[in-house]
Amino acid sequence: MDYIVLAISAILVNNILLAQYLGNCPFLGTSKKMETAVGMAFAVVFVLVMAGLITWIVNAFVLVPLKLEYLRTIGFILVIASLVQFVEMFLKKSIPALYAGLGIFLPLITTNCAVMGVCLINVNEEYTFIQALVSSFAYAVGFGLALILFAGVREKVLLARVPRPLQDTSIALVTAGIISLAFYAFKGMV
Amino acid sequence: MAKSIGQEFVKGLWEEVPPFRLVLGLCPALAVTKSMANGIGMGLATTFVLFFSNLLVSTLRGVIPPKVRIACFIIVIATFVTMVELLMQAFTYRLFLQLGIFIPLIVVNCVVLGRSEAFAYKRGVLHSMADGLGIGIGFTLALGALGGVRELIGSGTILGHSVFGASFEPFAFMVEAPGAFVGLGLMLAFMNLVGKK
């Protein structure tokens, strides 16, 4: 039961993009087309779950026993960067179809603050291993959900007549604000 | 076209100011600008990291092999971020608590990595220092301005001082998540309006 609450809270109430403001660069960068948004969403789910688990293990079995918590930032970013590289090589060799689908989004994930952010949240909240697994997955699903919804809206906005200064990124941010307002309604649910 | 050191500094203040002109580093810009003080604090922390990572990357640019440059940049940046984190924990503990996980997240701020990649790796040390400082201060001003607007409308205060008096009903929308997006979007539109003659 607790896990369901945790999942709902991570997907809807504390949506990583719209309530915690993490991962906004790919949010705006890859949401112009539905295809790229879907690709990015899947790449994030894949990497975020793995990164969440591995950083949890690194933190619990390496950093804490050695009293090296202050190296967390460096340690986590190294884990994430090498993980992304590894996943890229692995997919290229063994599942080329998936690799072609995710394409350029994989390397970009290294600098996606949602990944690093969730890893830090897992550690700061002192989640257990299973909780970290659930929260990583749920945050990633929340990311994908918001990204795909936003891409859908943005494709419609492209056809609308927008005042010149508001074009492109500006109107995208205002749109994101309105979607965020919709997600805001979930506040207090959990 | 080579610019002088002074011009490299100044361009960060208006011409290429993040997050408006270079749409990078949005996450901290949205997340910490609930108040002006937080925005400026975050901006200064980022400036510190930008300045020193630009300095070090440009000093080491002959040594870093191109193939693994991104990994090297990230390690340089992560080192300075850890320094900022520890310094802030020691000297500005309240700000440290308010900014929370966004201080370690400077490491994945695309502005910092972007400057290493696009500028410091190719240019001399002095130019890179000027560039880092300029972009950093531009980022600080932008975050301060956005924080100021959101704080003024959302809680009726500037840097914690009441502006409108007790009868003002704060428009709390602006300090919540949706207001961050809308506020940044409108500021971007304003910049476009002023910038394009």
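As a summary of the residue check, A:Ser82 satisfies the conditions (1) under 16 Å from the mean Cα position of the chain (by Cα); (2) of a type outside the set (Phe, Trp, Tyr); (3) closer than 30 Å to A:Phe61 by Cβ except for the one numbered (1). Answer with yes or no whether A:Leu66 is over 30 Å from A:Gly188 (Cα atoms), buried (at least 16 other Cβ atoms within 10 Å of the Cβ), of a type in the set (A, V, I, L, M, F, W, C) and more than 13 Å from the chain's Cα centre (by Cα). No. Under 6 Å between Cβ atoms, at least 6 apart or on separate chains: pull out the pairs that start in region B:170-197 with a residue that is more than 9 Å from every other protein chain (Cβ to nearest Cβ) and hydrophobic (A, V, I, L, M, F, W, C) and end on any residue that is assigned to a loop (DSSP other than H, G, I, E, B) and surrounded by 15 or more Cβ atoms within 10 Å (Cβ to Cβ). Listed by first residue and then by second, the contacts come to B:Val175/B:Lys34.
From the list A:Leu68, A:Leu18, the lone residue that is within 13 Å of another protein chain (Cβ to nearest Cβ), of a type in the set (A, V, I, L, M, F, W, C) and within 21 Å of B:Ile103 (Cβ to Cβ) is A:Leu68.
Filtering region B:10-19 for residues that are in a helix (DSSP H, G or I) and either over 11 Å from the mean Cα position of the chain (by Cα) or farther than 12 Å from B:Ala145 by Cα (or both) leaves a non-empty set. Note on region B:32-99: enclosed helices (runs of 4 or more DSSP H) holding 1 or more residues that are under 23 Å from A:Ile80 (Cβ atoms) and of a type in the set (Val, Ile, Thr) are B:36-59, B:69-91.
Across region B:128-145, not a single residue is classified as free of Cβ contacts under 8 Å to residues at least 24 places away in the same chain and surrounded by 14 or more Cβ atoms within 10 Å (Cβ to Cβ). Any idea how many residues of region B:64-115 are under 13 Å from A:Ile77 (Cα atoms), facing chain A (nearest Cβ under 7 Å) and in contact (Cβ under 8 Å) with a residue 60 or more places away in the chain? Of the residues in region B:64-115, 1 are under 13 Å from A:Ile77 (Cα atoms), facing chain A (nearest Cβ under 7 Å) and in contact (Cβ under 8 Å) with a residue 60 or more places away in the chain.
Considering region A:131-167, the residues that are surrounded by fewer than 15 Cβ atoms within 10 Å (Cβ to Cβ) and charged (D, E, K, R) include one that is nearest to the other protein chains (Cβ to nearest Cβ), namely A:Arg164. When B:Gly160 is tested against (1) modelled with pLDDT of 80 or more; (2) away from chain A (no Cβ under 13 Å), only condition (1) is not met.
Working carefully through the options A:Ile80, A:Ile130, A:Ile121, find the one that is assigned to a helix (DSSP H, G or I), modelled with pLDDT of 85 or more, β-branched (Val, Ile, Thr) and closer than 12 Å to A:Ile16 by Cβ. Criteria check complete, one pass: A:Ile121.
The values are calculated or read from the model by the stated rules, or taken from the named source; none is laboratory data. What you are looking at is a predicted structure, and each value in this text was computed from that prediction instead of being measured. Quick reminder, even Gly has a Cβ in these numbers, built from the backbone with ideal geometry, and neighbours come from all protein chains shown.
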